[in-house]
Amino acid sequence: RREIRRRDIHQQGTVDVLPVTGIDAHAVGDGAPRLGGGGHHLAAGADAEAEGAAAVGQVAGQLVGEQMVKDYPDGADIAILDFPSNESCVDRVNGFLDGLGDNKDKFNIVAQQDGEAALDASMSLAEDIITANTDLQAFFCINDPSALGAAAAVKAANKTGKIGVYSIDASPDGKQAL
């Protein structure tokens, strides 16, 4: 399906504006530079600005990892709620792991699960992770909906203040809830 859209863009020239998000940096392919001629415009979303979604996700994840090291200088048992089918979310996880730096060996990743970037899926997974890992100290979540799901599971397990929840988006709703 994506190939049909590319062919339409390249051969028929029927697109005046092509919005691009950070979901799949390779989806646009080689055609993006050719859109500059003929009055076509490439409209990059917030995730694709500057160095691109990869750099934004990588740096955001790294900052969260560095904060976790400060909060748990002796290391911790942690879980990651990711979304591996989304490239920018993979970048966030890789950045987080990089942010742990030389202390990475002090952190025991007891679970890394696909929370589907969704509150309900993440909450269910987080409940199971908390139950299976009584020494769990923190979650790293790739976005606010995942973090809200993890926070709900932490609260339901009566472990508020005992299990940290770390996220990246920091939307107004997410900040207020966390």
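Please treat every number below as a calculation from the coordinates, not as lab data. Remember, predicted model here, so these are calculated numbers, not experimental data. For neighbour counting, all protein chains shown are included, and Cβ atoms are generated from backbone atoms with ideal geometry for every residue, glycine included.
For the reader, a short list of remarks on this structure follows.
- Projected-area mean, the stretch 91-178, by convex hull of Cα positions, square nanometres: 5.5 nm²
- With R₀ set to 45 Å, the beta-carbon distance separating D120 from D74 gives a calculated FRET efficiency near 0.85.
- Amide H to amide H distances under 5 Å link Q112 with I80, where only residues 5 or more positions off or on other chains count and H is placed in the peptide plane.
- Length released on extending from T160 to K104, taking residue separation times 0.36 nm less the Cα-Cα span: 17.7 nm
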